[in-house]
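The values are calculated or read from the model by the stated rules, or taken from the named source; none is laboratory data. Owing to the predicted nature of the structure, the values given are computational and were not obtained by experimental measurement. Cβ coordinates were reconstructed from backbone atoms using ideal geometry, including for glycine residues, and neighbour counts include every protein chain displayed.
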Amino acid sequence: MSASSPPIPTAVWRDPLCVIALGFGAGALPKAPGTWGTLMALPFYVLFARLPLPVYLALTIALFAVGIWICGKAGRVLGVHDHGAIVWDEMVGFWVTMSAAPSGWLWIAAGFVLFRFFDIWKPWPISWLDRRVFGGFGVMVDDVLAGIYAALCLHLGSVVLAA
């Protein structure tokens with residue numbers, strides 16, 4: 001949780017949508033909630049990776065859309081637009097990163113590192129969106145864009161290594 005995020009009220013844990021937004025509790029860990037949230041995305045990715053690509057992409061888009069709603073609700077309950085404990089956006093951002101990724105644990109690890117890099121660094125226009133777009137869409141969009149940047153790097157790396 002970031003230094004600017006207030007404590008998590010206990011009422012949050014009684015709301016299933018908030019529990020999902022907090023990455024099933026991963027976002028409530030005291031240090032590096034975004035990293036913990038991304039780690040929480042890994043077992044789901046292992047399951048999702050078995051799906052045909054069109055189904056994987058449709059599921060990721062659906063989870064992004066649902067994320068707008070649940071992250072917006074969690075922000076209202078927590079009283080902070082993008083509370084540090086909200087990590088559903090990191091989960092979806094990682095799934096975006098891994099879209100059509102090569103299989104294997106090395107690629108999963110590379111995707112994890114690349115996504116965290118872009119999510120933390122926030123190059124333009126991620127930083128611009130992070131500062132100017134609010135609500136559930138604002139929470140989600142910068143992480144999805146970080147996931148797209150990471151996916152492009154991951155795929156470029158796979159092409160270079162295959163050559």
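Taking the criterion of being closer than 18 Å to residue 27 by Cβ and at pLDDT below 95, no residue of the stretch 136-163 qualifies.
For the stretch 5-25, the set of residues classified as part of a helix (DSSP H, G or I) and either under 17 Å from residue 140 (Cβ atoms) or in contact with a strand residue (DSSP E or B) (Cβ under 6 Å, 6 or more places away or on another chain) (or both) consists of 17, 18, 20, 21, 23, listed by residue number. Close Cβ contacts (under 6 Å, 6 or more residues apart or on different chains) running from residues in the stretch 144-163 that are over 12 Å from residue 123 (Cβ atoms) to residues that are buried (at least 21 other Cβ atoms within 10 Å of the Cβ) and among the charged types (D, E, K, R) are absent.
Filtering the stretch 80-104 to residues that are at pLDDT 95 or above, hydrophobic (A, V, I, L, M, F, W, C) and assigned to a loop (DSSP other than H, G, I, E, B) leaves 85, 86, 87, 98, 100, 101. Listed by first and then second residue, the pairs with beta-carbon distance under 6 Å, at least 6 apart or on different chains, first residue in the stretch 116-127 and closer than 9 Å to residue 142 by Cβ, second among the aliphatic types (A, V, I, L, M), are 119/146; 126/145; 126/146. Taken over the stretch 121-162, the criterion of being on the phi > 0 side of the Ramachandran plot and among the small types (Gly, Ala, Ser) is satisfied by 135 alone. Scanning the stretch 47-64 for residues that are free of Cβ contacts under 8 Å to residues at least 12 places away in the same chain, within 18 Å of residue 105 (Cβ to Cβ) and among the hydrophobic types (A, V, I, L, M, F, W, C) yields one hit, 47. Is it the case that residue 112 is among the aromatic types (Phe, Trp, Tyr), farther than 25 Å from residue 51 by Cα and touching a helix residue (DSSP H, G or I) at 6+ places or on another chain (Cβ under 9 Å)? No. Here residue 67 does not qualify as in contact with a His (Cβ under 9 Å, 6 or more places away or on another chain), in a helix (DSSP H, G or I) and at pLDDT 95 or above.
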